[in-house]
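The values are calculated or read from the model by the stated rules, or taken from the named source; none is laboratory data. Computed from a predicted model, the values in this text were never measured in an experiment. In this analysis, Cβ positions are derived from the backbone assuming ideal geometry, glycine residues included, and neighbour counts consider all displayed protein chains. The area values use the complete protein model at the heavy-atom level, side chains included, leaving out ligands, DNA and RNA. Shrake-Rupley method; radii C 1.70, N 1.55, O 1.52, S 1.80 Å.
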Amino acid sequence: ATATMGEATEPSPQAPLAVLSKVELRVSCKHLLDRDTLNKSDPCVLLLMQSQGQWMEVDRSEVIKSNLNPVFAKIFTVDYYFEEVQKLRFEVYDSHGHAGVGTHDDDFLGGMECTVGQIVAQKRVTKPLFLKYGKFAGKSTITVISEEISGNNGYVELAFRAKKLDDKDLFSKSDPFLEIYRIDDDRSEQLVYRTEVVKNNLSPIWEPFKVSLNSLCSCEEKRKLRCVVWDYDSRGKHDFIGEFFTTFEEMQKAMGENKVQWDCMNPKYKIKKRNYKNSGVVVLLDLKIHRVYSFLDYIMGGCQIHFTVAIDFTASNGDPRNSCSLHYINPYQPNEYLKALVAVGEICQDYDSDKKFSALGFGARIPPKYEVSHDFAINFNPDNDECEGIQGVVESYQSCLPKIQLYGPTNVAPIISKVARVAADEERTKEASQYFILLILTDGVVTDMADTREAIVRASYLPMSIIIVGVGNADFTDMQILDGDDGILRSPKGEPVLRDIVQFVPFREFKNASPTALAKCVLAEVPKQVVEYYSYKAFPPRCPQPETPDSNLSSPQ
């Protein structure tokens, strides 16, 4: 895969789900239960994914013999879609080789469930393992680390050669190959790349190769790298020739005409031999950086998605006390407003560490003076319109309905402008740290179309996207203008949007589908919109923040 990383073809603009990435998951466990009487458990991990309500096995790790704190070499690869909740389950078993894995309950060492979105947003998740019926498996924990491998997150092309390497072979010259390891914060080493073997040559020139910056140095230029030269042996007992340490920062001196070289050192010889200089030199002939970023780079770099919902409280919805009203609260069945809010909000909440959502209303007369407002907080707290989680928004919505009078007209420009003001403050930080999604739920065509078009053109220069869901059975033809798909949306003065940031869908098209289908449709464009914005601004992703070792899902960083 390394060789073709840069050649990935651009997805065609009309292809849905073009922002498919692959994510690598690495798994380790601590303090596993000991199921074996004579020696320690021989653990193996199964990865399952939920598909149409059923858990399906995706892959399994190798078995590690006699180890209660295993670090699995197996790398699980999963396809990643921003617009779906992808549920994962990791199950750890004590394997007995002959019987296969997962056949007996007494071999089950514990399981853990989470979503791909949660692991991606936090990059490292540590959670307790549970046995059947929600019992803790002692102090057992499982840690899952994610890395994106879409191959378009900026990569570097390197060309190495060596000169005058030590000869390790009696009847011929050494057969050298080079390995590069990244040294992680916990001092563990991740193999980044292994070159081909050049036969019978003490001054080999290895083929140039490409690696992603994420894989090479976790996007940190000062991270230490260990490079090792070996003499290849067909029985797998390779002879150590020498090693050197460097950083990506140091490698970058090889750009243009310059070359960088290192002494390839064998520490044992250094101690034993008085005049020992080196076991050869390794030269970096050329380095090219290709920086392209993906949605996941921004998310993994700590960019938070801030979610605001705006709800239409105009009189055309019908009196909320009447069961025909679009705002009717039926104790057995959520109304369309709630269904749309929950479907989209559930996806967004995995990407927002404080899980607080702004919830606004428009088109109603509100207490105390019962004047019409087009941007009021539905919790009636003008200083803080945020609710705790999706559930908090649902509760504020239900409790505000009896207190307001539905009125009109359907003006959405004030709310777009309100979110845009916050996004403009964010833009001034010149960092990819917060992106805003505004979900507008409305039962009719907007009344202030000219102002709305103007507000959208302004917003297209800011870190925000707008999703409009049409609720009920009105004729939404005019709303399609706002979704610039069939032509470019322009302000009343003719100024075009910088980028297409509006997605409009009528809820009725999804009435009989599952709620996930609506979320998929309206959120599918968001990753592309995020990348377009930050690319236009030339803001790189922030480098990943160092993880606290015990970070876990229940305590957002």
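Some values worked out for this structure:
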item	result
Residues located in region 350-384, provided they are of a type in the set (D, E, K, R) and closer than 17 Å to His327 by Cα	Arg365
Condition check for Tyr370: open to solvent by 50 Å² or more (accessible area, probe 1.4 Å) and in contact (Cβ under 8 Å) with a residue 12 or more places away in the chain	yes
Whichever residue in region 373-388 is touching a Leu at 6+ places or on another chain (Cβ under 9 Å) and more than 15 Å from Asp312 (Cβ to Cβ) and, among such residues, is least open to solvent (accessible area, probe 1.4 Å)	Ala377
Restricting region 228-265 to residues that are in a strand (DSSP E or B) and open to solvent by 70 Å² or more (accessible area, probe 1.4 Å), the residue that is nearest to Lys288 (Cα to Cα)	Gln261
Lone qualifier among Leu216, Leu225 - being under 15 Å from Leu191 (Cα atoms), of a type in the set (A, V, I, L, M) and part of a strand (DSSP E or B)	Leu225
Residue match in region 389-402 (condition: buried (at least 17 other Cβ atoms within 10 Å of the Cβ), farther than 30 Å from Thr516 by Cα and either at pLDDT below 95 or hydrophobic (A, V, I, L, M, F, W, C) (or both))	no
Residue that is surrounded by the fewest Cβ atoms within 10 Å (Cβ to Cβ), among those in region 406-450 that are among the basic types (Lys, Arg) and outside any loop (DSSP other than H, G, I, E, B)	Arg421
Members of region 486-514 found to be in contact (Cβ under 8 Å) with a residue 12 or more places away in the chain, under 26 Å from the mean Cα position of the chain (by Cα) and open to solvent by 50 Å² or more (accessible area, probe 1.4 Å), listed by number	Leu498, Asp500
Output for region 447-486, where each listed residue is over 30 Å from Ala432 (Cβ atoms) and in contact with a Leu (Cβ under 8 Å, 6 or more places away or on another chain)	Val471, Gly472, Ile481
Every residue from region 172-213 that is open to solvent by less than 50 Å² (accessible area, probe 1.4 Å), in contact with a Leu (Cβ under 9 Å, 6 or more places away or on another chain), without any contact (Cβ under 8 Å) to a residue 60 or more places away in the chain and not in a loop (DSSP other than H, G, I, E, B)	Glu179, Ile180, Tyr181, Arg182, Ile183, Val192
All positions within region 457-499 that are more than 27 Å from His327 (Cβ to Cβ) and either outside the structural domain of His327 (by the TED database) or in contact with a strand residue (DSSP E or B) (Cβ under 6 Å, 6 or more places away or on another chain) (or both)	Pro463, Ile488, Arg490, Pro496
Count of residues meeting criterion [of a type in the set (Ser, Thr, Tyr) and more than 20 Å from Glu221 (Cβ to Cβ)] in region 165-187	2
Residue within region 57-64 that is in contact (Cβ under 8 Å) with a residue 12 or more places away in the chain, surrounded by fewer than 20 Cβ atoms within 10 Å (Cβ to Cβ), under 26 Å from Gln190 (Cβ atoms) and small (Gly, Ala, Ser) present	no
Any hit, region 338-348, residues being within 22 Å of Phe436 (Cβ to Cβ), assigned to a strand (DSSP E or B) and assigned by the TED database to the domain that holds Ala524	no
Enumeration of residues in region 22-39 that are surrounded by 15 or more Cβ atoms within 10 Å (Cβ to Cβ) and either closer than 30 Å to Asp297 by Cα or free of Cβ contacts under 8 Å to residues at least 24 places away in the same chain (or both)	Lys22, Val23, Glu24, Leu25, Arg26, Val27, Ser28, Cys29, Lys30
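Here's the yes/no breakdown for (1) over 29 Å from the mean Cα position of the chain (by Cα); (2) farther than 15 Å from Arg194 by Cα; (3) among the polar types (S, T, N, Q):
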| residue | (1), (2), (3) |
| --- | --- |
| Ser218 | no, yes, yes |
| Lys237 | yes, yes, no |
| Glu243 | yes, no, no |
| Val281 | yes, yes, no |
